[in-house]
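A.B. asks: Here it is, the structure in full.
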Amino acid sequence: MSRIGKLPITIPAGVTVSQDKDGIITVKGPKGELCQKVDPSINVTIEDGRVTFAIDENSSVSTKQKQAFHGLYRALVNNMVVGVSEGFKKELELVGVGYRVSNQGNLLEFALGYTHPIFIQLPPEVKVETKSERNQNPQIIIESCDKQLLGQICAKIRSFRKPEPYKGKGILFKGEVIRRKSGKSASAK
C-alpha cells in the first residue's frame with residue numbers, strides 16, 4: 001500500500017471537492033477550478049471534509065500499477081486542493097549581461113543574447129509579473145493554481161537559455177546554485 005496514497009486530504013474552508021460518475025474530480029476554490037480524471041482502479045471517498053483514496057481489489061489492473069496510481073492520484077488531488085486555496089508561485093531570474101524580459105499582459109518578451117527577441121504567450125489562468133531593477137538581475141514571477149501547468153511554463157522559459165556551468169549565465173530559479181566548472185587549466189610544462 002502506498003504511504004502517500006493512504007494519507008487523507010483535509011478540505012480547507014472555501015474549497016469544494018466533488019466527483020461525477022465518470023471518475024472526474026472537480027475542485028473549486030477562491031483561486032480557480034481544476035479537474036482531474038481518476039483511474040477506475042482507485043476508489044475516492046469524499047466525506048466529513050476529507051478525501052480518501054483506496055485501491056479497488058477487483059479491478060483488472062496489475063497490483064504494482066494500482067499501488068502507483070494510489071499515490072499518484074492522491075498527490076494530484078492534494079496539489080489541486082492547495083492550488084485553488086493558496087496557489088503556487090515560482091520565481092525565475094535572468095543572469096547574464098544584456099539579458100532582459102518584459103511583459104504586456106500575458107505576453108513575455110525576452111532578449112537573451114540571440115539575434116532576435118523571443119516571445120511567449122502564457123495561458124490566461126497564469127499571472128505573470130516582471131521586475132527589472134538597476135544593479136539587479138531581471139526577475140519573472142509566475143503564479144497559478146495549477147502546479148503542473150506552472151512547472152511546464154517554467155521549464156519552457158528555462159529552455160530558452162539553460163544555465164551553463166562555466167560563467168553561470170542563463171535562466172535560473174530564484175536561489176538556485178549552479179555547480180561551476182573551472183575553464184581550461186594551464187598546460188603542464
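A.B. asks: If you place +1 on the Cβ of every Lys and Arg and -1 on the Cβ of every Asp and Glu, how big does the dipole about the Cα centre of the chain come out, in debye to the nearest 20?
C.D. replies: On the way: 29 positive and 19 negative charges, 288 e Å.
For the chain, the charge dipole is close to 1380 debye.
A.B. asks: How do L94, L34 stack up against each other in accessible area, from largest to smallest, with a 1.4 angstrom probe? Mind dumping the intermediate values first?
C.D. replies: Numbers: L94 0, L34 25 Å².
Of L94, L34, the descending order of accessible area is L34, L94.
A.B. asks: In the full protein assembly as shown, how much of R100 is accessible to a 1.4 Å probe, in Å² to the nearest 10?
C.D. replies: Here the accessible area works out near 150 Å².
A.B. asks: Would you give the gap between the C-alpha center of region 1-67 and the C-alpha center of region 137-189, rounded to a whole Å?
C.D. replies: 35
A.B. asks: Could you state the angle between the C-alpha long axis of helix 147-159 and the longest principal axis of the C-alpha atoms of the chain, as a value from 0 to 90 degrees rounded to the nearest 10?
C.D. replies: Result, in degrees: 20.
A.B. asks: Next up: Taking a threshold of 22 Å on the Cα-Cα distance, which of the pairs K89/K167; K90/K162; K90/K156; K28/K64 fall above it?
C.D. replies: Details: K89/K167 27 Å; K90/K162 17 Å; K90/K156 13 Å; K28/K64 32 Å.
Too far apart for the 22 Å limit: K89/K167; K28/K64.
A.B. asks: Return the loop-located chymotrypsin sites (Phe, Trp or Tyr not before Pro) in region 106-189 (DSSP other than H, G, I, E, B) with at most 12 other Cβ atoms within 10 Å of their own Cβ; answer none if there are none.
C.D. replies: On the way: sites: F110, Y114, F119, F160, Y166, F173; in loops: Y114, F160, Y166.
Within region 106-189, the qualifying chymotrypsin sites (Phe, Trp or Tyr not before Pro) (loop, at most 12 other Cβ atoms within 10 Å) are Y114, Y166.
A.B. asks: Further, regarding this structure: Write down the accessible area per residue of region 86-133 in Å², having rolled a 1.4 Å probe over the full set of protein chains.
C.D. replies: On the way: 2990 Å² over 48 residues.
Using a 1.4 Å probe on heavy atoms only, each residue of region 86-133 averages 62 Å².
A.B. asks: Assign unit charges at the C-beta atoms only (+1 for Lys and Arg, -1 for Asp and Glu), then state the dipole size of region 130-189 relative to its Cα centre in Debye, rounded to the nearest 20.
C.D. replies: Numbers: 15 positive and 5 negative charges, 108 e Å.
That gives region 130-189 a dipole magnitude of about 520 debye.
A.B. asks: Where Rh is the Kirkwood radius over the Cα pairs of region 88-164, the temperature 25 °C and the viscosity 0.890 mPa s, what D in µm²/s does Stokes-Einstein return? Could you put the intermediate results ahead of the total?
C.D. replies: Details: Rh = 12.8 Å.
Estimated via Stokes-Einstein, D reaches 192 µm²/s.
A.B. asks: A follow-up question, please. Picking from K28, K147, K64, which is most flexible by a Gaussian network model of the chain using Cα springs under 10 Å?
C.D. replies: K64
The values are calculated or read from the model by the stated rules, or taken from the named source; none is laboratory data. Computed from a predicted model, the values in this text were never measured in an experiment. Don't worry about glycine lacking a Cβ; one is built from the backbone with ideal geometry, like all the others, and counts go over all protein chains shown. What goes into the accessible areas is simple: the full protein's heavy atoms, side chains included, and nothing from ligands, DNA or RNA. Shrake-Rupley method; radii C 1.70, N 1.55, O 1.52, S 1.80 Å.
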